[in-house]
Each structure stands twice: as structure tokens, then as C-alpha cells.
Number of protein chains: 2
Amino acid sequence: MAQKQYSVRLFVSSDLGKDLGVVLDKAQSHYVATVMRQQKDDKVALFNGRDGEWIGVLQEVHKNHCLVHLVEQRRPQTPEPDIYMLFAPVKKAQTNMIVQKATELGAAKIMPVQTVRTHGERIRNDKLNLQALEAAEQCQRLNVPLVEEIQKLETTLLALEPDRILIFCNENLTGEHPLEVLNGLKGASKWAVLTGPEGGFTDEECAFIESRENTHTISLGPRLLRAETAAIASLTLLQATCGDW
Amino acid sequence: MAQKQYSVRLFVSSDLGKDLGVVLDKAQSHYVATVMRQQKDDKVALFNGRDGEWIGVLQEVHKNHCLVHLVEQRRPQTPEPDIYMLFAPVKKAQTNMIVQKATELGAAKIMPVQTVRTHGERIRNDKLNLQALEAAEQCQRLNVPLVEEIQKLETTLLALEPDRILIFCNENLTGEHPLEVLNGLKGASKWAVLTGPEGGFTDEECAFIESRENTHTISLGPRLLRAETAAIASLTLLQATCGDW
């Protein structure tokens with residue numbers, strides 16, 4: 001069903017509930033008062049990842065400080081599919097894009113991994129977490145995925161729960177058809193998707209990945225997708241088959 | 001199967017065939033000689049959208065002028081799915097991204113449409129066609145999709161062949177599950193996908209789109225996707241169900 005979109009929708013850490021007051025921080029107050037030019041008595045939407053989404057009325061609007069009086073819960077908190085997005089960071093703009101799109105597409109956790117062919121500009125986790133937060137505010141999600149610190153591919157894979165299904169997107173076109181693989185996994189409850197760097201994984205990395213239990217290699221078609229396109233495409237397919245689409 | 005990637009892969013307009021010579025234009029010669037530092041006797045890959053992909057040997061390398069001697073056809077020309085990507089342009093960077101990704105994902109034709117909520121920066125078709133060409137060179141496609149001039153949504157829809165299936169991605173979440181819809185369309189041979197602007201289509205536009213024969217409305221999940229994410233996600237789903245994945 002179509003729902004009214006509120007022009008201001010913010011993630012806060014405070015508890016949310018009927019008649020509670022929430023004080024917005026300085027950056028949010030600047031956004032509300034100066035950028036969005038909201039005024040006393042305007043309505044805003046707030047979420048905190050725990051209490052669903054709430055509609056509140058602005059009681060005080062100052063550029064450093066806003067006070068919201070919560071009036072009603074608009075949506076209850078609902079669980080989302082438990083999907084981790086593992087990806088090899090590429091250039092800064094594309095890495096930002098992957099974080100933004102993975103958030104929009106409902107990844108529960110976003111995990112950059114260091115591979116042999118990852119030539120990393122440094123990963124700024126503070127910036128990437130802000131990117132995820134802003135994307136969650138925009139896309140109507142009820143929570144914000146965590147962007148983890150970058151780790152070596154091997155370290156990340158060894159730390160995954162053994163029963164978490166890993167979908168390995170191999171650009172060498174050796175994988176099976178994605179829908180055939182994913183349709184066979186509908187009963188599972190925990191997934192991770194792994195996409196590679198420009199230039200792909202090394203043969204040794206591929207062998208290591210595929211030696212993991214509960215790992216399935218898929219192809220993403222006959223054209224060579226860029227790293228960020230592969231991330232978006234694989235999450236799309238997973239959400240459409242096993243997720244909440 | 002994994003195939004060797006040539007570091008230089010170029011689209012040319014010349015005919016391609018055994019022992020033919022191809023002269024690269026000034027921009028391509030600059031790229032080959034100066035950017036990629038190729039030398040006499042290095043191999044390059046060429047395609048023209050008609051004769052498949054050919055491997056050639058550089059016989060002369062100058063920064064304004066290169067001559068390639070074609071030695072063997074690497075891949076024959078093969079038909080691609082007949083999918084048009086219709087989208088409402090958004091900001092310049094996102095419009096560029098949609099053209100690039102639609103090319104990677106194998107759209108046969110890319111058609112910007114003017115909608116009520118399209119606040120157009122001017123569309124530069126020359127730049128967008130260059131974007132498509134570069135994406136095709138990178139993604140190993142054997143042809144380059146045409147980016148058409150922007151037209152009004154109504155004009156574009158009325159000009160589509162009546163039997164071309166139109167997949168309408170409606171962000172109001174009123175559509176059916178994408179895989180249920182697309183799985184029912186596997187027998188078709190001509191498709192178009194339509195995604196909207198920031199802010200979505202108006203109610204009147206939705207009614208007009210849905211009144212068209214052979215139009216199917218799909219949902220892209222419970223989160224509100226940005227315009228460029230919706231374009232990538234919808235093409236992914238169409239290629240994976242009805243296309244060449």
C-alpha cells in the first residue's frame with residue numbers, strides 16, 4: 001500500500017514510545033531547521049532500530065536543538081532477512097555506492113573484505129556507517145546495517161557461522177544459474193553474499209571460498225559486471241527469491 | 001568458461017574480418033599508445049556490433065594513429081535479449097550510472113523519458129552514448145546499446161510495439177512479486193522495463209501506464225529504492241528470468 005512519505009525521517013538512539021520527548025542532536029537539528037526548514041508543529045518520522053517507526057510533532061525548532069513529541073507509532077518493528085553483504089572494496093565512490101545500495105536492498109550487515117587484488121584506498125568506517133545511516137533514513141528501513149571494519153577474506157569467512165549460506169558471485173562464469181541455486185535455498189534463514197574486486201579473485205582465493213561448507217557459486221550472466229553492479233544484482237536476486245520481496 | 005581478458009578492447013565502426021586492417025581514430029590511438037602504453041605487436045580486441053569480437057595485432061602505434069591487423073575471430077556475433085530500458089532521468093551522476101549499468105546488464109536500447117516529476121538537467125545524448133560505449137567495451141558486450149533522445153513518457157509508450165511486454169516498476173508497492181510476474185512471461189521475446197523519477201510517477205501517469213496492453217506492474221520490495229537502484233534491480237530480475245543469464 002502507498003504510504004505518506006514524511007519529508008524528514010531520522011534515525012535516533014533514544015527509546016521511542018507514546019508521549020516521549022526526543023531531543024535531536026546538533027547535526028540533525030541543523031538539517032531539520034535550516035536545510036528542511038521545518039517549523040513548530042510540523043511532523044517528522046523517527047526510528048531507532050528497536051521500537052518501530054514513530055510520528056512526532058516538533059515542539060521546539062532551533063538550529064542547534066530540536067525537541068520532538070512522539071504521538072503515534074506508524075509501523076511496528078519487524079524482523080528483516082538475515083543477509084550479510086561481503087565485498088572487496090574498490091575505489092572510494094564505488095565503495096560508498098555499495099554501502100548505500102546494500103542498505104537500500106536490506107543487507108543486515110556490511111562486511112568489507114581484503115582480497116589479493118583489493119588495492120585499498122583506506123576504508124573510512126565512520127564515513128561508511130554514515131552512508132548506511134543516511135540510506136536507511138531515505139529508504140524507509142526500520143534499522144541501520146552495521147558496516148564492519150575491513151578484515152582479510154580468510155578471517156571473515158572463517159568467522160562466519162558454519163550454517164550461514166554463502167552465495168559466491170564468481171565473475172569467471174563458472175557458477176550455476178543464480179535462480180536455480182537460490183530457489184533451492186528458500187528454507188534457509190541466514191545468508192551471506194560475496195562479490196569480488198576489479199580483476200576478480202585469484203584461483204587460490206576461489207578454491208578457498210568454494211572449499212567452505214554451505215557455499216554456492218552463482219553466475220551473474222555473460223557480461224562482466226563491475227564490482228558495484230555485481231553487489232546490487234546479487235542482493236536483488238537473493239531478496240527476490242529468499243528474502244522479503 | 002574463464003576467458004583471457006585483453007587489456008584493450010575497443011568498439012570500432014569498420015568491418016572486421018581475417019587479415020583486414022583497422023585504423024583506430026585519434027582518441028582511441030591516444031588511449032592505446034599513451035594511456036595503456038601498448039606497443040607494436042601487442043594484441044588488442046575489437047568489436048563492431050556486427051562481426052563478433054576479433055583479436056588484432058598492433059602494427060603501427062602512434063599517439064594519433066594506430067593500425068591493427070586482424071588475425072582471428074575470438075567470439076562470433078550472438079543475438080542478445082531484446083530489452084529496452086525506459087527510465088526517468090534524475091541527477092546527472094545517477095543518469096550516467098543508469099546508462100552504464102543498463103549497458104552492463106545487457107539492455108538493447110536505453111530510452112530516457114520525461115515524466116511530471118522529472119526535473120531535468122539537460123540530457124546530453126552525446127555524453128550518454130559515450131558512457132554506453134565505454135561500458136560496452138569494459139563489460140565484454142559485442143554491441144553498444146543506443147541511448148535515445150529524451151521523449152515524453154506518453155510519446156515513448158505510444159510508440160512501443162503493442163506486443164512488447166512492459167514491466168512497470170511502481171514504487172508505491174502496489175505491484176505483484178517480480179519473480180511471479182516474470183516467470184509467467186518467459187515465452188515472450190520483446191521486453192521493456194520502466195522505472196520512475198525521485199518522487200515517483202503521478203497517479204495519472206500510473207493509470208496511463210497500466211492502461212497499456214501487455215503491461216505488468218511489479219514491486220521491488222518493501223524498501224524505497226532510489227531511481228538508479230530500481231533500474232539495476234529490475235534489469236537484473238528480467239535477465240535472470242527471461243534473458244540470457
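The values are calculated or read from the model by the stated rules, or taken from the named source; none is laboratory data. None of the values given here were measured: they were computed from a predicted structure. Virtual Cβ from ideal backbone geometry, glycine too; neighbours counted across all protein chains shown. Protein only, heavy atoms only, side chains kept; ligands, DNA and RNA dropped before computing areas. Shrake-Rupley method; radii C 1.70, N 1.55, O 1.52, S 1.80 Å.
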Exercise for review: Would you kindly derive the ³J(HN,Hα) couplings of segment A:106-116 from the backbone phi angles with the Karplus curve 6.51 cos²θ - 1.76 cosθ + 1.60 (θ = phi - 60°), listing them in order in whole Hz, with x for Gly and Pro?
Suggested key: x, 5, 7, 8, 10, 10, x, 10, 8, 10, 4
Review point. Say each of residue A:15 and residue A:64 gets a label point 7 Å from the Cα, pointing the same way as Cα to Cβ; how far apart are those two points in nm?
Key: 2.9 nm
**Study point:** Relative contact order [Cα under 8 Å, 6+ residues apart], segment B:1-97, whole percent
**Key:** 28 percent
Review point. Using a 1.4 Å probe, how large is the accessible area of residue A:212, given in Å² and rounded to the nearest 10?
Key: 40 Å²
Check your understanding: How much of the accessible area of the protein assembly as shown, in percent, comes from carbon and sulfur atoms when a 1.4 Å probe is used?
Key -> 50 percent
Exercise for review: Note the per residue figure in Å³ for the convex hull of the C-alpha positions in chain B.
Suggested key: 133 Å³
Revision key, fill the gap. Note, residue B:104: beta-carbon cut-off 9 Å, +1 each Lys/Arg, -1 each Asp/Glu, net +4
Review point. Taking a 1.4 Å probe, which of B:40, A:109 shows the most accessible area, and what order do the others take after it?
Key: B:40, A:109
Review point. What angle, in degrees between 0 and 90 and rounded to the nearest 10, separates the Cα long axis of helix B:92-104 from the longest principal axis of the Cα atoms of chain B?
Key: 70 degrees
Practice item. For segment A:171-245, calculate the relative contact order in percent as a whole number, restricting contacts to Cα pairs under 8 Å that are 6 or more residues apart. Key: 54 percent
Exercise for review: Kindly express, to the nearest 10 degrees and within the range 0 to 90, the angle between helix B:125-139's C-alpha long axis and the longest C-alpha principal axis of chain B.
Suggested key: 70 degrees
Check your understanding: Taking 0.36 nm per residue of separation and subtracting the Cα-Cα distance, what length does fully extending residue B:214 through residue B:159 add?
Key -> 18.4 nm
Point to revise | residue B:87 accessible area, assembled protein chains, probe 1.4 Å, Å² | key: 0 Å²
Review point. Using helices alone, what [θ] at 222 nm do you get for chain A, with -39,500 (n - 2.57) per DSSP H run of 4 or more residues, divided over all residues and rounded to the nearest 500?
Key: -8500 deg cm²/dmol
**Study point:** Modelled FRET efficiency - R0 56 Å, residue A:25 with residue B:23, Cβ distances, 0.05 increments
**Key:** 0.35
Point to revise | residue B:31 accessible area, 1.4 Å probe, all protein chains in place, Å² to nearest 10 | key: 80 Å²
Check your understanding: Under a 1.4 Å probe, what is the accessible area of segment B:89-245 per residue, stated in Å²?
Key -> 40 Å²
Check your understanding: Going toward the positive end of the dipole of the protein assembly as shown, with +1 on Lys and Arg Cβ and -1 on Asp and Glu Cβ, which of A:145, B:10, B:62 do you reach last?
Key -> B:62
Review point. Percent relative contact order of segment A:82-242, based on C-alpha pairs within less than 8 angstrom and at least six residues apart?
Key: 31 percent
Review point. Where nothing but the Cβ of Lys and Arg (+1) and of Asp and Glu (-1) is charged, how large is the charge dipole of segment B:82-242 around its Cα centre, in debye to the nearest 20?
Key: 420 debye
Point to revise | Heavy-atom accessible surface that B and A bury in contact, both chains counted, 1.4 Å, Å² to 100 | key: 3200 Å²
Review point. Regarding segment B:9-75, what whole-number volume in Å³ per residue does the convex hull of its Cα atoms give?
Key: 66 Å³
Check your understanding: Restricting attention to segment B:142-182, which GluC sites (Glu not before Pro) occupy a DSSP loop and are surrounded by at most 13 other Cβ atoms within 10 Å?
Key -> B:149
